[in-house]
Amino acid sequence: FLYLPAPLNFTTIKQMDFQVALGGLLIVPIWILSSLLPTSIKDILVFWRIKNPLPGSRAFSVHAPADPRVNLKKLQMSIGKLPTNEREQNALWYEMYKKVEFDLSVLSSHKSYLLFRDTAAISLILAFIIPFTMYCFNEDCTYIGSSAALFLVQYFVSAIAARNSGNRFVQSVVAVYLCTRSKASRNTPN
């Protein structure tokens, strides 16, 4: 059985239509607000690091060694000494990325990272805008607090999902790059 808090009548249906329409209309300004945030801020919101927040900054010191698909000795033979400086790691990783960016596993992990990163940013924006809007319309404090808590939880979950996807994106680039380099060296005649 469906529980309805109020009897359905013309007024409650009209209110529900208004709420659905308002929710649909809010998508555009929220997406615009998310687009106004620079990607560097979004990366900081996901990785909780102010300096060198991108996962590529730790591509060879953290992510490649943690990936069982990556043979570090072959990687060093392929590209030489691996950088330890975070900025240099990201620059080298980005060069590798541009060579394998159209591989399906790289595309998929990149797409997931961007989706979760933007969801995290939007959730954090909503955690402040929606409760403030509810306050302006004299909504009950418990609803305001619940709304803020809901969007903050959504932000934390999305940020963790984005972080995991971003790390996997970095690992996939290194693994695919190494695999394509190995295939190319095998196909080169001596």
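Note on Arg49 and Ile160: with the Förster distance fixed at 22 Å, the Cβ-Cβ geometry gives a FRET efficiency of about 0.95.
Taking label positions 7 Å along the Cα-Cβ direction at both Glu95 and Ser61, the computed distance is 1.9 nm, reported to one decimal. Simple spin-label estimate for Thr133 and Thr39 gives 2.8 nm between the two label positions (7 Å along the Cα-to-Cβ direction from each Cα). Annotation: Ile160 carries an accessible surface of approximately 80 Å², with a 1.4 Å probe and no ligand, DNA or RNA atoms counted. Between the beta carbons of Leu152 and Val28, assuming R0 = 22 Å, the FRET efficiency works out to 0.45 to the nearest 0.05. Thr84 sits with roughly 120 Å² accessible to a 1.4 Å probe, with DNA, RNA and ligands left out of the calculation.
Only aspartates and glutamates eight or more places from Lys111 in sequence, or on another chain, were considered; those with a Cα closer than 17 Å are Asp43, Glu101, Asp103. For segment 110-178, the alpha carbon convex hull comes to 49 Å³ per residue, rounded to a whole number. Each Lys or Arg adds one and each Asp or Glu subtracts one; over the other residues with Cβ under 15 Å from the Cβ of Leu45, this totals +3. Note that segment 56-69 has calculated 3J(HN,Hα) couplings of x, 5, 10, 4, 9, 8, 10, 6, 5, x, 7, 9, x, 7 Hz, one per residue in order, obtained from phi through the Karplus relation 6.51 cos²θ - 1.76 cosθ + 1.60 (θ = phi - 60°); glycine and proline are x. Over segment 38-190, with every protein chain in place, what whole percent of the accessible area is carbon and sulfur at 1.4 Å, could you tell me? On segment 38-190, the fraction of accessible area on carbon and sulfur atoms equals 63 percent. Whole-Hz Karplus values for segment 37-43 come out as 6, x, 4, 5, 5, 4, 5 Hz, taken residue by residue from phi with 6.51 cos²θ - 1.76 cosθ + 1.60 and θ = phi - 60°; glycine and proline positions read x. No solvent, one uniform scatterer per C-alpha: report log10 I(q)/I(0) for segment 63-190 via the Debye equation at q = 0.17, 0.22 1/Å, two decimals. Debye output, listed in q order: -0.88, -1.20.
Computed from backbone phi with θ = phi - 60° and the Karplus coefficients 6.51, -1.76 and 1.60, the 3J(HN,Hα) list for segment 138-143 is 6, 6, 4, 4, 5, 5 Hz; x is used for glycine and proline.
The values are calculated or read from the model by the stated rules, or taken from the named source; none is laboratory data. Not measured: the values here are computed from a predicted model. Positions of Cβ are generated from backbone atoms using ideal geometry, with glycine treated the same way; all protein chains shown enter the neighbour counts. We work out accessible area using only protein heavy atoms, side chains counted, and drop any ligands, DNA or RNA first. Shrake-Rupley method; radii C 1.70, N 1.55, O 1.52, S 1.80 Å.
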